[in-house]
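*Asks:* The structure that follows is given in the form of structure tokens.
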Amino acid sequence: MKKKFIAKSVVLLLVAIIVLSLLFYKEILNFLIHLDISNSNFMLIYVAGCFLYFFTPLPTTLIIILNGYFFKSIGFYLSLLLVFFGSTILFIFAKKIKNYFNLDLGRIFSKKGFNLSKLTTNNFSIFLSRYILPYFIHNIYYGLENIKIKKFIPIIICAEIPMLYALNSIGESLKNLSLNYKISYFDILSDKNFYYPFFIMFAILVVINYLKGKFKK
């Protein structure tokens, strides 16, 4: 009974965070952008605010750029930690929902004659879909799938490193940052700070899959 109460409380808390973040999206970003992080107290508020932000369905791109803008190279590691904790908690949250409601995405789609799970749950699909699906949806979707967290987290961290590095570099190079700052996917994909790490991370994934296949034989 106590576990169910805790589970429901966590669900309600996350739902409340999501709803409030959607309602006050611009206000939240404006507050974070204009915090004086030279003051240690405000810096803690900023980091805590970013931590909560990564539990919401709001786009994370501007926050990652903001980390690079404020903290320079250290911003990359802060963003990586935020992605790690945010993705882990959202993944576990989705897994709890799946178990609580006894959801099975593979069974649902197989009844419609389409095996979505088989297509999306291999290592390369998890890696590449990180660049296609929004951060929040990606974490929730794979939490609802029959994927173990010890497989999911290392793959998405490998996928995130090139993007985080590129966005952090953009943040470092900015002199001014505002809510009107726009960046396209082409800007990121054409940046050497993205595609060099991307090919390295992808090559590592290929080698790991190759070696796993060898050891299984």
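*Asks:* Can you tell me which residue among Ser21, Ser38 is among the polar types (S, T, N, Q), outside any loop (DSSP other than H, G, I, E, B) and farther than 22 Å from Tyr131 by Cα?
*Replies:* Ser21
*Asks:* Here's another thing I want to ask about it. Being surrounded by 16 or more Cβ atoms within 10 Å (Cβ to Cβ) and modelled with pLDDT of 85 or more is the filter here, so list the residues in segment 191-201 that pass it.
*Replies:* Within segment 191-201, Pro197, Phe198, Met201 qualify.
*Asks:* Taking interchain pairs and intrachain pairs at least six residues apart, which have beta carbon atoms under 6 angstrom, with the first residue in segment 157-173 and more than 13 Å from Asn67 (Cβ to Cβ) and the second open to solvent by less than 30 Å² (accessible area, probe 1.4 Å) and not in a helix (DSSP H, G or I)?
*Replies:* Ala159/Arg130
*Asks:* Restrict the check to segment 27-37 and report whether at least one residue is open to solvent by 70 Å² or more (accessible area, probe 1.4 Å), at pLDDT below 85 and among the aliphatic types (A, V, I, L, M).
*Replies:* no
*Asks:* List, please: which pairs have Cβ atoms under 7 Å, are six or more places apart or on different chains, and start with a residue in segment 12-26 that is more than 15 Å from Gly86 (Cα to Cα) and end with one that is surrounded by 11 or more Cβ atoms within 10 Å (Cβ to Cβ) and among the acidic types (Asp, Glu)?
*Replies:* Nothing qualifies.
*Asks:* Collect the residues in segment 52-79 that are under 20 Å from Ala159 (Cα atoms) and open to solvent by 40 Å² or more (accessible area, probe 1.4 Å), keeping them in residue-number order.
*Replies:* Passing the criteria: Pro57, Pro59, Thr61, Ser73, Ile74, Tyr77.
*Asks:* Further question on the same structure: Go through Ile157, Ile188, Ile161 for me and flag whichever is assigned to a helix (DSSP H, G or I), among the hydrophobic types (A, V, I, L, M, F, W, C), under 21 Å from Leu78 (Cα atoms) and modelled with pLDDT under 85.
*Replies:* The unique qualifying residue is Ile188.
*Asks:* Among the residues of segment 144-159, which ones are of a type in the set (D, E, K, R) and either open to solvent by less than 20 Å² (accessible area, probe 1.4 Å) or more than 19 Å from Ile204 (Cα to Cα) (or both)?
*Replies:* Correct list: Glu145, Lys148.
*Asks:* From Leu90, Leu78, grab the single residue that is at pLDDT 95 or above, assigned to a helix (DSSP H, G or I), out of contact with any Leu (no Cβ under 7 Å at 6 or more places or on another chain) and not β-branched (Val, Ile, Thr).
*Replies:* Leu78
The values are calculated or read from the model by the stated rules, or taken from the named source; none is laboratory data. Just so it is clear, the model here is predicted, and its values are computed rather than measured. Glycine gets a Cβ as well: all are built from the backbone with ideal geometry, and neighbour counts include every protein chain shown. Please note that ligands, DNA and RNA were not included when accessible areas were found on the heavy atoms of the full protein model with its side chains. Shrake-Rupley method; radii C 1.70, N 1.55, O 1.52, S 1.80 Å.
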